[in-house]
1. Counting only residues that are among the charged types (D, E, K, R) and touching a residue at least 24 places away in the same chain (Cβ under 8 Å), which one in the range 127-163 is farthest from the ligand (Cβ to nearest atom)?
2. Please work out if residue 166 is open to solvent by 10 Å² or more (accessible area, probe 1.4 Å), within 13 Å of the ligand (Cβ to nearest atom), part of a loop (DSSP other than H, G, I, E, B) and farther than 19 Å from residue 15 by Cβ.
3. Could you tell me which of the residues 102, 11 is open to solvent by less than 10 Å² (accessible area, probe 1.4 Å) and within 10 Å of the ligand (Cβ to nearest atom)?
4. Given (1) within 30 Å of residue 162 (Cβ to Cβ); (2) part of a loop (DSSP other than H, G, I, E, B), where does residue 42 come up short, assuming only one miss?
5. Of the conditions (1) within 18 Å of residue 184 (Cα to Cα); (2) not in a strand (DSSP E or B), residue 141 satisfies every one except a single condition; which number is it?
6. Give me the residue from the range 169-191 that is assigned to a helix (DSSP H, G or I), within 11 Å of the ligand (Cβ to nearest atom) and open to solvent by less than 50 Å² (accessible area, probe 1.4 Å) and, out of that set, modelled with the lowest pLDDT.
7. Could you list, in sequence order, the residues of the range 46-99 that are within 11 Å of the ligand (Cβ to nearest atom), part of a loop (DSSP other than H, G, I, E, B) and not hydroxyl-bearing (Ser, Thr, Tyr)?
8. For a quick check of your reading of the model, give me the residue pairs whose first member lies in the range 67-82 and is without any contact (Cβ under 8 Å) to a residue 40 or more places away in the chain, whose second is open to solvent by 10 Å² or more (accessible area, probe 1.4 Å) and in a strand (DSSP E or B), with beta-carbon atoms closer than 6 Å and at least 6 apart or on different chains.
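The values are calculated or read from the model by the stated rules, or taken from the named source; none is laboratory data. Treat the numbers as computed from the prediction; the structure is a model and nothing was measured. Note: ideal-geometry Cβ built from the backbone for every residue, glycine included; neighbour counts use all protein chains shown. What goes into the accessible areas is simple: the full protein's heavy atoms, side chains included, and nothing from ligands, DNA or RNA. Shrake-Rupley method; radii C 1.70, N 1.55, O 1.52, S 1.80 Å.
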Amino acid sequence: MAQRLVFATGNAGKMREIREIMEGSGYEILSMKEAGVDPEIVEDGTTFRENAMIKARAVAALLPDAIVLADDSGLVIDALNGEPGVYSARYLGTDTPYSVKNAELIHRMEGVPEEKRSARFVCAIAAVLPDGRELETEGRIEGRIGYEPRGTFGFGYDPIFYVPEIGCTTGEIPETEKNKISHRGRALERMKEELKKL
Ligand code: IMP
């Protein structure tokens with residue numbers, strides 16, 4: 001029977017991405033729901049890595065025979081001292097629409113010159129193995145905060161995240177294109193390599 005690999009998320013988009021990247025790895029890939037668990041997790045870490053590990057450990061405690069992966073990600077804006085950072089999902093309130101959050105960030109960046117608008121999406125992935133070993137990887141994509149929201153693809157802060165490497169925002173490219181260069185895509189590729197070494 002294939003080793004089960006459970007990704008600690010309820011997000012369908014993340015599950016699609018992990019399935020695409022882990023295809024051919026030989027694992028049986030399951031969401032938390034498919035594995036039959038849905039713990040209440042308090043993400044009270046101060047870094048992406050800490051929060052990813054908190055989630056992975058909480059789910060691994062319920063699924064001792066599975067490899068459990070979890071991620072934590074967010075937008076880090078240099079001119080705002082790293083905000084919204086680990087608070088990206090909670091920034092201005094969890095239920096506040098991203099049109100409002102993005103407008104507020106653009107407003108806060110008013111007057112900030114081009115060369116100081118640097119930002120990055122960061123994704124940390126943590127893994128807890130059945131024997132208790134723990135692995136961590138990280139992926140980043142560098143960009144700049146735009147002057148107005150652009151694009152209808154993606155989610156969250158994508159419309160205000162301009163990536164010079166592709167000449168547009170991550171909200172202007174389809175999901176399959178974004179996965180090839182995204183922070184999460186990169187962190188997952190690295191985790192796939194780490195798992196291969198086992
Ligand atoms: P989490 O990793 O699911 O907790 O997500 C953190 C938050 O960071 C999301 O709710 C978004 O606000 C933001 N975020 C993370 N990755 C992306 C991305 O690829 N595009 C846009 N926003 C993102």
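1. 134
2. Judged against the criteria, residue 166 is not a match.
3. 102
4. Tallying (1) within 30 Å of residue 162 (Cβ to Cβ); (2) part of a loop (DSSP other than H, G, I, E, B), residue 42 fails exactly one: (1).
5. Among (1) within 18 Å of residue 184 (Cα to Cα); (2) not in a strand (DSSP E or B), residue 141 violates only (2).
6. 179
7. Within the range 46-99, 89, 90, 92 meet the criteria.
8. 82/76
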